[in-house]
Amino acid sequence: MGFAEIQGNDQVKRVLQLALRKKRWPPSILLIDSSQGEAKKLALVLAQAVNCLNLDDDGCDQCYNCQAIKEERFPDVLMVEPVNEVIRVEKIREVKKLAYLRPMVGKRRVFIIDQSEKMNEQAANTLLKVLEEPPSTTIFILLTSNPYLLLPTIRSRCQELQLSPVTQETLEKYIEGLGRDKKEARLMAFFAKGNREVVDKLNYQELRAQRKALWSIVEAGARGGIPAQKIKDYGQYTKRQRQLWSQELAILASFWRDLLLVKLNASPELIINYDFLPEIKEMAHLVSLEKIKNSLSWINEAAEEVKKNLNIQVIINSYLTHYQGKKNGKDNLCSD
């Protein structure tokens, strides 16, 4: 693979390659990737770089070590992932035992802990003990999209590196190259949030159905109805349908954003939800700029809450409290 295959993040790559050249490698690294896109790929590149037989500051992608790591069959590189949304203490205890052994064939052992925020309390405390006295031949690479959920003591033991998502323009061009037209590419890139892997897995029809369900919530409020029951109904969706609440909040925000653009007579080319444009234009006559601003403000706050606790019911209750508390007052969230 090599650093060249990592999209963007040139500063992060420079920092890592400089550490490799100077052989001042931190025993534990935390890669923060809000788009959940490039972090795992970068972690594997790092594992190659510290074990490469030909290069000092990169993976050559040619030697036995690099090839085996790329194919995830190298005995000294272990990927730890959640099982049923949890990383349990038994797995981290296994990591702890292996961490203090010398590498079998490589230069260093590398443990990549994906979605590290999903360690349970026992697992996190067990890992912390290892990070406090790190083995000299072992490197830990923790991946997360949500550092708020990690123990502060774990974060303090790691060198934190924040990855930036792929730019919207780059992602749009990539999607157009897959055969999508410009409007579809803009919409899909918006919701992928800089993650090419999301684009590759994104089902346009499923996304359309999801957006339609969320549009009904926005529409009900804007037409003067009380969307509380619709919000509650949406809260009863299955775990699979609700697991990406960050995306669903982004969809809600995109509708209010489009309403704002229509209200301001912006170019139709800027509209994300182009396939809802007639409905958005109709609704734009029913809401004020102040209400749109308040809605976007609430969604931004809710998105921060999701990052902190991932409690969907808290978000739903927050919406209902905000709405019901103001529906008879001056600032009805969704309607004049």
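Each value in this text was obtained by applying a stated rule to the coordinates, not by laboratory testing. Small disclaimer: the values here were computed from a predicted structure and weren't measured. Cβ: placed from backbone, ideal geometry, glycine included. Neighbour counts: every protein chain shown.
Observations on the structure shown:
- Prolate/oblate/rounded label for the range 150-208 (Cα gyration tensor, a/c 1.5): prolate
- For trypsin sites (Lys or Arg not before Pro), the sites in the range 107-198 that DSSP calls loop and that have at most 16 other Cβ atoms within 10 Å are 107.
- Within straight-line cross-link reach of residue 291, aspartates and glutamates at Cα separation under 19 Å, skipping those fewer than 8 residues along the same chain: 219, 258, 279, 282, 301, 331, 336
- Percentage relative contact order, the range 3-163, counting C-alpha pairs under 8 Å, at least six apart: 32
- Taking Cβ atoms as reference points and 11 Å as the exclusive limit, the residues near residue 151 contribute a net charge of 0, counting Lys and Arg as +1 and Asp and Glu as -1.
- Per the Debye calculation on the range 49-105 with a single equal scatterer at every Cα and no solvent contribution, log₁₀ I(q)/I(0) for q = 0.23, 0.27 Å⁻¹ amounts to -0.93, -1.05.
- Size estimate for the range 73-213 follows the Kirkwood approach: the inverse of mean 1/r over distinct Cα pairs works out to 17.6 Å.
- The range 1-118 shape via C-alpha gyration tensor axes, a/c threshold 1.5: oblate
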